[in-house]
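A quick write-up on the structure given underneath.
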Amino acid sequence: IIDTIGWRYVFGLQVPLVMFSQILAYYNVNIRLTHVPKYGKYTWQNLKKLDIGGTFTLTCSIATFLIISSEENLSQFTKQLLIVSGLIFLALFFLTEFYWAQERLIPFEILYGRTGVVSLITVISAFVTFGDVFRKPLYLQLMQNFTSSGCGLFMVFTSLSAPIASFATGFVTKHTTKSVEYMCYVLAMGSMILQLISQVAEAALIDYLKPKLGLSESDSSLTLFNMLDNEHFAWKVLLSITTAANGYGYCTILVATLVVVIFTVEKSKQGTVTGLFYLWRSLGTVFGASLILTTYEKCLESKLFKYLVTEKNDLKSYNKLIHDSSLVRKIYKHEPAITEKLLSLYRSSFVISYLPQIVILLLGTGMSVVLVIKMNKVLNKETETDKNNDEII
């Protein structure tokens, strides 16, 4: 669709659908909230309960740090100004939350203990998933000469894994004979491990798989690579599996965390905690896409500068590639050896961009394992207590 009508129209077509959904929700979803007064709900007394200050300062602090990490052409003064501004907004956010807000955006006391660990796991999972979602099309287009629609086919596997993961998680939690909370933690641990395996396997595959030259002048050794040759089908199957596994793990964690909220948080705070988990997911999404692509870009810039400028003394080609990577096969199209070298630099940069995800997944896996072990001890202790009480009776 994007190749046919363009991405702007694809996004534009969603606007009337969203508006139609809003109209349907407005006229058909009538949920009475007991805490909202029938009259005077727009008075200052009620409106000041909205944590507008916390929302504004948190948004500004996140935005400044994202600009610093993603924008390359900032002067030293601008960068320092943004850092100071970000720290000030962050300090104002904490002051607002702890001292000024009547109803806080983030109730920090809820984040102690198991809820806090689950929150971090949610951030990690979103970080990994959306970093992969934004990087994979770039890899397929640059390294394997895929079109936009061809890249979209791989993203379908993430979407397909969502309903399967939701169904499987619901089925397990419904039919388990153990504590539902404990089973959700087990599912979260399994999802962390699954995402870790998928990212390690994918990084190894990309490191092993040779880029497609796309040159008609000659066949390179890069295109003759056993069953994982880019002309074969096997690597596409493996990449589809790792993509689906990553998406499955992420969606399992989302459902499991919502079930945990229902079973562990009192009703009056369930809305707040659910919103909080969506906030963590959004933060993980933004930081994942930003940090992963920034890691890739910084690594690539360093490698290209060393090869093209330091070794080849070709600053002009370096500047062209920095601004438009799609030229990588065109600049030296009559020199396949140099093109091979450039593509290998791109490939190694993609592989290095997996390191932040793998490191943070190791952290998440460790936290989830500790959480499951501690929860298991609590359950065993409760079981022993119940047995002793039964014996006394």
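Values in this text are rule-based calculations from the coordinates and carry no lab data. Everything quoted here is computed from the prediction, not taken from an experiment. Virtual Cβ from ideal backbone geometry, glycine too; neighbours counted across all protein chains shown.
In the chain, helices alone account for a calculated mean residue ellipticity at 222 nm of -26000 deg cm²/dmol, with every DSSP H run of four or more residues adding -39,500 (n - 2.57). Mind checking the angle between helix 52-70 and the chain's longest principal axis? C-alpha axes, 0 to 90 degrees, to the nearest 10. Taking the Cα atoms of the chain, the angle to 52-70 is about 20 degrees. Across the range 77-92, computed HN-Hα scalar couplings (Karplus, 6.51 cos²θ - 1.76 cosθ + 1.60, θ = phi - 60°) run 5, 4, 5, 5, 5, 5, 4, 4, 4, x, 5, 5, 4, 5, 5, 5 Hz from first to last residue, x flagging Gly and Pro.
Starting from the Cα-Cα distance between Ile358 and Ile373, subtract it from 0.36 nm times their residue separation and give me the gain in nm to one decimal. Stretched fully, the Ile358-Ile373 segment lengthens by 3.2 nm.
Across all Cα pairs in the range 247-300, the calculated P(r) in 10 Å bins from zero up to the longest distance comes to 21, 38, 25, 12, 4 percent per bin. Counting other Cβ atoms within 10 Å as a rough exposure proxy, the listed residues Trp44, Trp100, Trp280 run Trp44, Trp100, Trp280 from fewest neighbours to most.
On a full-extension model of 0.36 nm per residue, what is the gain between Ser302 and Asn380, subtracting their alpha-carbon distance, rounded to one decimal in nm? Additional length available on full extension: 22.7 nm.
Please compute one quarter of the surface area of the Cα convex hull for the range 316-389 and express it in square nanometres. Mean projected area for the range 316-389: 7.4 nm², to one decimal.
Our summary of shape: the Cα atoms of the range 113-385 have principal axis extents of 76, 34, 30 Å, ordered from largest down, in whole angstrom. Backbone phi angles across the range 325-337, fed through the Karplus curve with coefficients 6.51, -1.76 and 1.60 (θ = phi - 60°), yield HN-Hα couplings of 5, 5, 7, 4, 8, 9, 4, 10, 5, 9, 10, x, 5 Hz in residue order; Gly and Pro are listed as x. Summarising the amide proton neighbourhood of Lys210: residues at separation of 5 or more, or on other chains, whose placed amide H is nearer than 5 Å comprise Asn230. Among Asp207, Asp51, Asp132, sorting on how many other beta-carbon atoms sit within 10 Å of each Cβ, with the fewest leading, yields Asp207, Asp51, Asp132.
Neighbouring Cβ atoms within 10 Å as the yardstick, rank Asp324, Asp314 fewest first.
Values: Asp324 11, Asp314 17.
With the fewest neighbours first, Asp324, Asp314 line up as Asp324, Asp314.
Against the main long axis of the alpha-carbon atoms of the chain, helix 267-304 sits at an angle near 20°.
Within the same chain, lysines fewer than 8 places from Lys79 are excluded, and of the rest, those with a Cα less than 20 Å from its Cα are Lys298. Label the range 58-192 by shape, choosing from rounded, prolate and oblate, from the square roots a ≥ b ≥ c of the eigenvalues of the Cα gyration tensor; if a/c is under 1.5 it is rounded, and otherwise prolate applies when a/b is larger than b/c, oblate when it is not. Here the range 58-192 falls in the oblate category.
Sites counted here are GluC sites (Glu not before Pro) in a DSSP loop (not H, G, I, E or B) having no more than 12 other Cβ atoms within 10 Å; the longest part of the chain that contains none of them is 267-393. Lysines within cross-link reach of Lys381: Cα-Cα under 30 Å, excluding same-chain residues under 8 positions apart? By straight Cα distance, Lys381 reaches Lys174, Lys178, Lys267, Lys269.
Before anything else, pin down the relative contact order of the chain: Cα pairs under 8 Å, at least 6 apart, normalised by residue count, whole percent.
Details: 392 pairs, mean separation 89.8, N = 393.
In percent, rounded to a whole number, it is 23.
Compared with the direct C-alpha span, the chain from Ala168 to Ile52 gains 37.9 nm at full extension, assuming 0.36 nm per residue.
Can you work out the FRET efficiency for the pair Trp44 and Glu311, with r the C-beta to C-beta distance and R0 = 56 Å, to the nearest 0.05? For Trp44 and Glu311, the calculated efficiency is 0.25. Sequence-ordered 3J(HN,Hα) estimates for the range 182-198 from the Karplus curve with 6.51, -1.76 and 1.60 and θ = phi - 60° stand at 4, 5, 5, 5, 5, 5, 5, 4, x, 5, 4, 5, 4, 5, 4, 4, 5 Hz, glycine and proline given as x.
Calculate the FRET efficiency for Gln14 and Gln141 from the Cβ-Cβ distance with a Förster distance of 22 Å, rounded to the nearest 0.05. The calculated FRET efficiency here is 0.45.
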